[in-house]
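Data first, discussion second: the structure below is written as structure tokens.
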Amino acid sequence: MDETQLVILATALSILGYNIGVLLMMAPLPFSGLKRWAPTLMKDSIFSLIMIISVYSIVELIGYFQSMLGVSWSDFRNWLLIRTGVLMTLKTTLSGVLLLSSKFLSGVVASAFFEPIIKAVNYSLTVLYTILGIGVLVKNYFIKILIIGIVLFSIPFRFARGAGSYLIAFAIVFPVGLPLLPGFVEAFSQPFETDFDVQLYQANVIDFAVFQVKNLFNKNVYGPVIKAYDTKGELLFLYKGDEHGNVFASFPDRPIPSNITYTIVLDYLGLMFYLEPYPFDPDRDLTVTQEFFPHASKKGVLNARHLIWNHPNAFALIGVTNTSIISEVLYLANGSRLIIDGSKIITNEKVYVSFEKGCKNNIGMSSGNITVRTLDDHWYGIDTRTIVFDLYPSNKTLFIEAYFSGCEYSTSSLQVEEIRYLENKGFTFFRDFTREASSILISWLILPTIYLFILLSITLGVSYVIGGIRERIPIRVF
Amino acid sequence: MSTLLEFVNNLTTQVAALAWGMFLLTWSIGWILRGAPLPFMRIKRVGQSLIEDALWAAFWLAMGSTVFSIVTYVAQVMGVDAPSVP
């Protein structure tokens, strides 16, 4: 249907309406409601004829409003395409994350975590694509919509007057209003980060595991704090363990790296112990196990080679700088006695006995070339005391022993602020998903929908002005 | 599409022809009612209104095309493209 043909049709309808009006006026029906239509019909047809004549000036008026408000269809289209692109990337990211998490949790639980954000992304994509489609329609066809509206408007007896005036109003309001959608949405939302790190969630960057921290004799370390450093010396994560020496680096919010080797250090009572395997390689050193399901499906055993003894239920330790000087160890639950071969000491070795201050302690040493100093410190909320034995070469056998009882602190007294891996990248699991989901929903779904409703109600108002007929919305208001 | 246009145009011509015939009919009926020897004043008033309406309608019918060309002329003066009137 050509535009000129439609205009001619509208003109013909106006003239028809006028003639019907004249006919009704002279009909010999003295008391008929039909006769009251006559002047209305004639006036309507004159009005619609004026509308037909001014079609192209209406189009120019629309163009004038567009230039006055700085409307650009290409900006509109680009804004929408950028946002749909981000959402599509986010979708692939999320499916990667879902795949990753299904290794540790059953599918039902994992999807329960991700359902809100996946739904938000899908709804937002639908709305944005719909708006893109409406934009294409309005940009290319608004003149035709305008003329069809005028045709409907010209039909006699006001049959299609409401619909016609709505279409005319639509063709006036939407070409001007729709490209202003980006401005409206951005006025009410914060700028978003477009760089969701996609590689992050390919299945090889992070992993979850339980670390078992043990001393030289494979006994559990009570309440350890482990820190991991990469090859450049940057701190990757800091986690604390429980009373069995287990550090739960588990789903959902305490990941560990899975694609790099790193060094793990035990920070215990203020002393640092390198943990073996050194360096830690996740491929080689994590074994699959079911004993910690559902927290994690892998575990890694870490040994502190220089930690000779630690108390199984309290914070107390004995450590040495060089284990080869020790010839014998008497190992008891509440203490230990070290027998040291003095001839194996080359220049200077140290034995550290650290304990929390509340412990009743019984520390003794043999006579010989040993100097003693005491250090007091504070370790994650616990007061500690460290006795440092400096050992010098001697051809005697030395011994150092330490026994503890009545220690007060438990693992719950540890005030550790954990540093989670990749936390500084701005994305930790689970907590942030709901936050991201709600911000996506508001900014990219609700705001555009609100703006569409604003435009539609403006259209309704304009159509009332043009056509004088209040559209009765077929919705019952309760 | 063009059949729709033809239909509307035919309808318009038919309505115009019918209108002229209706004018004669109504005018005659009006005068008959006015001149009837019936003692009811209401009939006379009805007849009077019929005559007036018929006359006004005939005037507007004749003026129909004139009205449209006036509107078109005003539009041309204001510099607007006017579509062709069939």
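The values are calculated or read from the model by the stated rules, or taken from the named source; none is laboratory data. This one's a predicted model, so the numbers in the text were calculated from it and none came from an experiment. So basically every Cβ, Gly included, is an ideal-geometry build from the backbone, and we count neighbours across all protein chains shown. Heavy atoms of the whole protein, side chains included, go into the accessibility calculation; ligands, DNA and RNA do not. Shrake-Rupley method; radii C 1.70, N 1.55, O 1.52, S 1.80 Å.
Summarising the label geometry, the points placed 7 Å from Cα in the beta-carbon direction at A:GLU328 and A:LYS144 lie 10.2 nm from one another. Seen from A:ILE382, the other residues with C-beta closer than 10 Å to its C-beta sum to a net charge of -3, counting Lys and Arg as +1 and Asp and Glu as -1.
Pairs exceeding 20 Å between alpha-carbon atoms, taken from A:LYS219/A:LYS344; A:LYS214/A:LYS360; A:LYS350/A:LYS396: A:LYS219/A:LYS344; A:LYS214/A:LYS360. Secondary structure note: in the protein assembly as shown, about 95% of the DSSP beta bridges are antiparallel. Region A:277-320 and region A:58-99 have Cα centres separated by 52 Å. For the pair region A:333-354 and region A:113-134, the centres of their Cα atoms are 66 angstrom apart.
Listed by chain and number, the lysines placed with their C-alpha closer than 24 angstrom to that of A:LYS43 are A:LYS35; residues fewer than eight positions away on the same chain are left out.
Evaluated at q = 0.08, 0.09, 0.10 Å⁻¹, the base-10 log of the normalised Debye intensity for the protein assembly as shown, with identical point scatterers placed on the Cα atoms, takes the values -0.75, -0.84, -0.93.
Computed over the protein assembly as shown, the per-residue total of -39500 (n - 2.57) for DSSP H runs of n ≥ 4 gives a 222 nm mean residue ellipticity of -16500 deg cm²/dmol, rounded to 500.
Computed from Cα positions, the angle between helix A:3-25 and the longest principal axis of chain A comes to roughly 50 degrees. For region A:291-355, the solvent-accessible area works out to 39 Å² per residue, with a probe of 1.4 Å and every protein chain left in place. Overall, the accessible surface of chain B at a probe of 1.4 angstrom is composed of carbon and sulfur to the extent of 70 percent. Note on exposure: A:PHE174, A:PHE65 ranked by accessible area (1.4 Å probe, complete protein assembly) read A:PHE65, A:PHE174, with the most exposed listed first.
Between the beta carbons of A:LYS91 and A:TYR278, assuming R0 = 30 Å, the FRET efficiency works out to 0.15 to the nearest 0.05. Principal-axis analysis of the Cα atoms of chain A puts helix A:55-69 at an angle of about 30° to the longest axis. In region A:53-100, the residues that give up 40 Å² or more of accessible area when the other protein chains are added, compared with the chain on its own (1.4 Å probe), are A:ILE53.
Compared with the dominant Cα axis of chain A, that is its longest principal axis, helix A:107-154 is turned about 20°.
For A:VAL213, neighbours were defined as the other residues whose beta-carbon sits under 13 Å from its Cβ, and their charges (Lys and Arg +1, Asp and Glu -1) total +2. Interface area, chains B and A: about 3000 Å² of buried accessible surface, summed, with a 1.4 Å probe and ligands, DNA and RNA left out.
Computed over the alpha-carbon pairs of region A:34-92, the distance histogram in 5 Å steps reads 4, 14, 10, 10, 10, 9, 9, 9, 8, 6, 5, 4, 2, 0 percent, short to long.
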